[in-house]
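The values are calculated or read from the model by the stated rules, or taken from the named source; none is laboratory data. Here the structure is a predicted model, which is why all the values come from computation and not from measurement. Positions of Cβ are generated from backbone atoms using ideal geometry, with glycine treated the same way; all protein chains shown enter the neighbour counts.
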Amino acid sequence: MSISTPLSAVLERKFYPGVGVIHSVAQPGLKWVVRVNGVYWTARAALSSYSFQAGDTIRPIDRQGNTLLIEPA
C-alpha cells in the first residue's frame with residue numbers, strides 16, 4: 001500500500017494505519033470526532049470502559065459504517 005492510498009480504501013481492507021487524535025467530543029462518553037491521517041471521522045470507543053478527551057491519541061481498530069471504533073494509542 002502506498003502513502004497515496006486513500007484512507008477509505010485502506011479502511012475497506014480492514015487495515016487501520018497509525019494513530020489519530022481526538023479533535024472534539026460529540027457526545028460526552030459516547031461519541032467523538034477524531035482526525036486520522038488528515039481525515040475527520042465520528043468515532044466510538046471499542047470498549048465502554050474507554051474514555052477520551054480532546055487531544056488524546058487514539059488508534060482506530062474497526063469501522064461500522066462511517067464510524068470508527070477506537071482505543072487508546
Looking at the structure I just gave you, is LEU47 surrounded by 13 or more Cβ atoms within 10 Å (Cβ to Cβ), at pLDDT below 95, of a type in the set (A, V, I, L, M) and not in a helix (DSSP H, G or I)?
no
In region 50-66, anything surrounded by 14 or more Cβ atoms within 10 Å (Cβ to Cβ) and assigned to a strand (DSSP E or B) is listed as ILE58, ARG59, PRO60, ASP62, ARG63
